[in-house]
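Engineer: Structure incoming, see below.
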Protein chains: 2
Amino acid sequence: MKKIATLFAAAFVGVSAFAQQALWGGAQVESPVINEDGTVTFRYQAPKAVKVTVSGDFLPTQVIDTPFGKFEGPGVAELKEGKNGVWEYTTDFKVAPEMYNYTFNVDGLNLIDNNNMWVNRDVASLTSAFIMPGGRADLYTIQDVPHGTVSKVWYDSAVAGFDRRLSVYTPAGYNPCGKTRYPVLYVLHGIGGDEDAWLEQGRAAQILDNLIASGQAKPMIVVFTNGNISQEAAPGQNSTGYVRPTMQLPKTMEGTFETSFPEIVKFIDANYKTIAKKQSRAICGLSMGGFHTLYISLNYPDMFNYSGMFSAAIGVDGQQMCPMYENFDAKLATYFSKKPALLWIGCGKTDFLYKSNIDFMAKMDANGQPYKYMETEGGHIWRNWRIYLSEFVPLLFK
Amino acid sequence: MKKIATLFAAAFVGVSAFAQQALWGGAQVESPVINEDGTVTFRYQAPKAVKVTVSGDFLPTQVIDTPFGKFEGPGVAELKEGKNGVWEYTTDFKVAPEMYNYTFNVDGLNLIDNNNMWVNRDVASLTSAFIMPGGRADLYTIQDVPHGTVSKVWYDSAVAGFDRRLSVYTPAGYNPCGKTRYPVLYVLHGIGGDEDAWLEQGRAAQILDNLIASGQAKPMIVVFTNGNISQEAAPGQNSTGYVRPTMQLPKTMEGTFETSFPEIVKFIDANYKTIAKKQSRAICGLSMGGFHTLYISLNYPDMFNYSGMFSAAIGVDGQQMCPMYENFDAKLATYFSKKPALLWIGCGKTDFLYKSNIDFMAKMDANGQPYKYMETEGGHIWRNWRIYLSEFVPLLFK
């Protein structure tokens with residue numbers, strides 16, 4: 001065995017990363033490190049660098065001035081160079097329990113942490129991730145509880161004209177041939193996202209595992225759709241188009257995806273042990289997915305009993321491009337006349353969509369239409385969407 | 001709708017990538033571009049850079065001199081700076097059909113292509129990927145054929161003492177409650193890899209979809225195990241350990257994983273529509289997984305009828321650390337006495353394990369023990385492992 005181990009070490013050291021299956025190339029730099037005192041240390045090896053910074057949502061936010069106005073963005077901290085060109089920064093504060101994302105910037109280049117193998121893709125950006133355990137963040141970690149199964153499933157979309165992929169979470173104990181049937185929650189991503197988004201940045205499988213295991217949520221099937229109807233699946237799982245989306249994808253937020261939703265529900269009901277009725281169906285989504293959630297709920301008022309709009313990309317008016325968006329007020333009245341169990345709205349105080357959501361709620365207030373609202377700190381960020389999902393799911397199917 | 005689109009554009013431009021759900025930040029640089037003449041163009045925006053190179057297996061390999069000896073590595077080409085700090089390189093040759101991986105190097109920093117959203121993780125390295133279509137590479141792409149389902153499933157490992165994750169491919173048309181039962185192929189990764197490796201770099205789901213659709217392979221269930229028994233699952237799916245593995249993982253290649261294999265087979269047979277007998281079971285693996293394949297096949301000679309060793313990390317002797325590795329010759333004789341349908345070996349001419357594999361085959365030749373061998377160009381690389389899987393799978397269960 002010694003011989004084999006030495007062979008491996010020899011082959012892997014000094015050989016470029018990907019043609020050989022490189023494991024141990026480069027210096028051993030540990031990053032990030034969660035220190036015992038609750039601070040976190042970040043390191044990056046860049047011997048020739050002039051300036052190295054780390055940017056992430058573990059730092060206090062800062063306001064960024066852009067030609068389009070002021071926006072809230074993640075804070076930035078400078079690393080200092082130490083031995084062997086390893087740059088380092090340790091927070092001067094205890095990092096609160098949460099899941100965080102960060103990137104380094106080395107002389108103007110944005111980089112992920114090449115010593116941290118937990119990398120998430122969100123739309124067209126890759127970031128490094130870590131969790132400071134404790135509190136709500138424990139919902140986002142793998143705990144010693146029964147785990148559900150996450151499947152990547154293809155369905156034949158008549159609306160799109162080709163097969164498309166979605167992700168399906170079945171809870172621990174799910175038996176595809178058993179007698180137990182489950183309610184279904186449909187979870188929608190934001191613009192540019194895909195069927196992986198909620199499972200990566202959203203930690204949805206962990207949230208569901210943990211809420212179900214603790215009895216806070218009912219066991220349920222959860223379906224993560226791909227809301228870009230022109231797309232088959234996430235990057236690398238498409239027949240074409242690996243490159244970065246250069247602008248809003250075709251057929252986004254113009255009604256086609258929403259119109260296709262019944263075929264998704266039909267597919268799930270045909271292939272999983274669902275309770276195939278309104279009382280046992282919920283839908284929610286973030287940003288564009290919140291917009292989709294609203295219009296799907298209004299246009300198919302007999303389909304979902306629970307709807308959750310997370311930082312929803314809604315305007316009270318202005319959607320006139322397809323029949324799905326027409327006659328909004330009448331559809332809203334019809335929707336409420338059918339007495340849905342829950343319309344839930346979550347928004348951050350500094351979200352650029354805050355006013356749109358407040359306006360929408362004012363409209364419902366004026367009409368005596370009931371909803372629940374959760375307001376959080378911060379803006380249009382994944383931290384809020386994980387919180388909203390964690391708050392919404394326990395309210396379902398009770 | 002105009003209003004909403006403008007809001008999005010405003011929110012996403014100029015705001016840092018990950019706290020906001022950034023989509024359209026930075027310049028629009030298209031990379032990689034497969035040109036009509038069969039060349040490929042790579043671009044990277046780095047206005048301050050002094051030197052930018054691209055390294056990848058689309059370039060002719062080069063020999064790298066290391067303290068451990070000479071190794072074959074991917075070639076390197078220089079980009080030239082153009083407008084707006086966008087560096088560019090176009091191959092001066094037609095790139096042959098294949099799946100390729102590449103990274104940029106900007107003034108000493110290895111970087112993925114931030115304009116290409118198809119990124120694969122292999123062990124502790126991230127690389128950008130693209131496919132030049134045609135020929136064998138068409139097996140690796142999403143074709144207009146029925147697609148199987150890929151599930152991430154947790155099983156209770158008595159040997160490990162905790163739940164562990166594996167990936168399961170069920171072929172198109174698989175009905176968990178139907179009458180049709182399927183043979184099962186177990187596919188094992190290399191050292192430092194995990195249950196995602198074959199599905200990312202290995203394109204195993206695409207290879208299976210395409211071979212099954214064309215009738216070249218029988219429909220089968222395929223199980224991708226995690227061979228690091230000290231680990232629950234891939235990075236980010238573990239309860240601990242997001243950082244880069246600093247050395248060989250504990251309990252690697254010392255028999256524990258191999259000893260645990262029957263519990264995996266038992267779990268799969270209990271939960272899927274398998275044909276639960278030797279005639280309908282196959283196992284294969286790359287590098288460390290080839291080593292595992294050999295010892296599992298020898299120690300459980302009634303379990304698998306087909307075994308595939310891809311660039312297997314074997315030595316003819318020297319494995320004495322656990323009972324699994326003892327009495328090799330006697331076990332080999334017993335294995336062959338039970339007349340397995342196929343022992344298949346694939347190795348690249350420049351693989352650092354080439355001699356070990358040649359020696360092993362010489363030993364079998366001396367004993368009159370039958371096997372099939374495929375020798376390819378190149379070394380210890382994913383291109384070869386995709387080829388070996390594509391060649392091995394059509395031979396199974398016939």
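Engineer: Can you spot a residue in segment A:360-376 that is touching a residue at least 60 places away in the same chain (Cβ under 8 Å) and more than 18 Å from residue A:314 (Cβ to Cβ)?
Structural biologist: no
Engineer: Something else about it: Could you check segment B:324-355 and list, in sequence order, the residues that are in contact (Cβ under 8 Å) with a residue 40 or more places away in the chain, farther than 24 Å from residue B:223 by Cβ and surrounded by fewer than 22 Cβ atoms within 10 Å (Cβ to Cβ)?
Structural biologist: Result: B:350, single match.
Engineer: Collect the residues in segment B:302-323 that are in contact (Cβ under 8 Å) with a residue 60 or more places away in the chain, in contact with an Asp or Glu (Cβ under 8 Å, 6 or more places away or on another chain) and surrounded by fewer than 21 Cβ atoms within 10 Å (Cβ to Cβ), keeping them in residue-number order.
Structural biologist: Hits for segment B:302-323 are B:321, B:322.
Engineer: When residues of segment B:94-109 are filtered for being polar (S, T, N, Q), at the interface with chain A (Cβ under 7 Å from one of its Cβ atoms) and more than 19 Å from the chain's Cα centre (by Cα), how many remain?
Structural biologist: 0
Engineer: Tell me, please, whether a residue that is of a type in the set (A, V, I, L, M, F, W, C), buried (at least 19 other Cβ atoms within 10 Å of the Cβ) and out of contact with any Lys or Arg (no Cβ under 8 Å at 6 or more places or on another chain) can be found in segment B:78-94.
Structural biologist: no
Engineer: Additional query: Quick one: would you say residue B:218 is part of a loop (DSSP other than H, G, I, E, B), away from every other protein chain (no Cβ under 12 Å) and either of a type in the set (D, E, K, R) or within 30 Å of residue A:138 (Cβ to Cβ) (or both)?
Structural biologist: yes
Engineer: Are any of the residues in segment A:68-76 crowded, with 19+ Cβ neighbours inside 10 Å, at pLDDT 80 or above, within 7 Å of chain B (Cβ to nearest Cβ) and not in a loop (DSSP other than H, G, I, E, B)?
Structural biologist: no
Table: residues versus (1) in a helix (DSSP H, G or I); (2) away from every other protein chain (no Cβ under 12 Å).
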{"site": "A:296", "(1), (2)": "yes, yes"}
{"site": "A:304", "(1), (2)": "no, yes"}
{"site": "A:314", "(1), (2)": "no, no"}
{"site": "A:324", "(1), (2)": "yes, no"}
{"site": "A:329", "(1), (2)": "yes, yes"}
{"site": "A:347", "(1), (2)": "no, yes"}
{"site": "A:365", "(1), (2)": "yes, yes"}
{"site": "A:374", "(1), (2)": "no, yes"}
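Engineer: Further question: Evaluate segment B:233-251: report whether one residue or more is under 23 Å from residue B:119 (Cα atoms), more than 9 Å from chain A (Cβ to nearest Cβ), in contact (Cβ under 8 Å) with a residue 40 or more places away in the chain and in a loop (DSSP other than H, G, I, E, B).
Structural biologist: No, because not a single residue in segment B:233-251 is under 23 Å from residue B:119 (Cα atoms), more than 9 Å from chain A (Cβ to nearest Cβ), in contact (Cβ under 8 Å) with a residue 40 or more places away in the chain and in a loop (DSSP other than H, G, I, E, B).
Engineer: Related question: Could you go through segment A:114-123 and let me know if any residue there is at pLDDT 95 or above, crowded, with 18+ Cβ neighbours inside 10 Å and touching a helix residue (DSSP H, G or I) at 6+ places or on another chain (Cβ under 6 Å).
Structural biologist: No: segment A:114-123 contains no residue that is at pLDDT 95 or above, crowded, with 18+ Cβ neighbours inside 10 Å and touching a helix residue (DSSP H, G or I) at 6+ places or on another chain (Cβ under 6 Å).
Engineer: Which of the residues belonging to segment A:128-148 are surrounded by fewer than 19 Cβ atoms within 10 Å (Cβ to Cβ), closer than 28 Å to residue B:169 by Cβ and in contact (Cβ under 8 Å) with a residue 12 or more places away in the chain?
Structural biologist: Correct list: A:141, A:143, A:145, A:146.
Engineer: Could you run through segment B:274-301 and say how many residues are crowded, with 20+ Cβ neighbours inside 10 Å, in contact (Cβ under 8 Å) with a residue 60 or more places away in the chain and touching a Lys or Arg at 6+ places or on another chain (Cβ under 9 Å)?
Structural biologist: Result for segment B:274-301: 1.
Engineer: Look at residue A:48 and say whether it is more than 7 Å from chain B (Cβ to nearest Cβ) and at pLDDT 60 or above.
Structural biologist: No: the conditions fail for residue A:48.
The values are calculated or read from the model by the stated rules, or taken from the named source; none is laboratory data. Because the structure is predicted, anything quoted here is derived from the model rather than measured. All Cβ positions, even for glycine, are placed from backbone atoms using ideal geometry, and neighbour counts span all protein chains on display.
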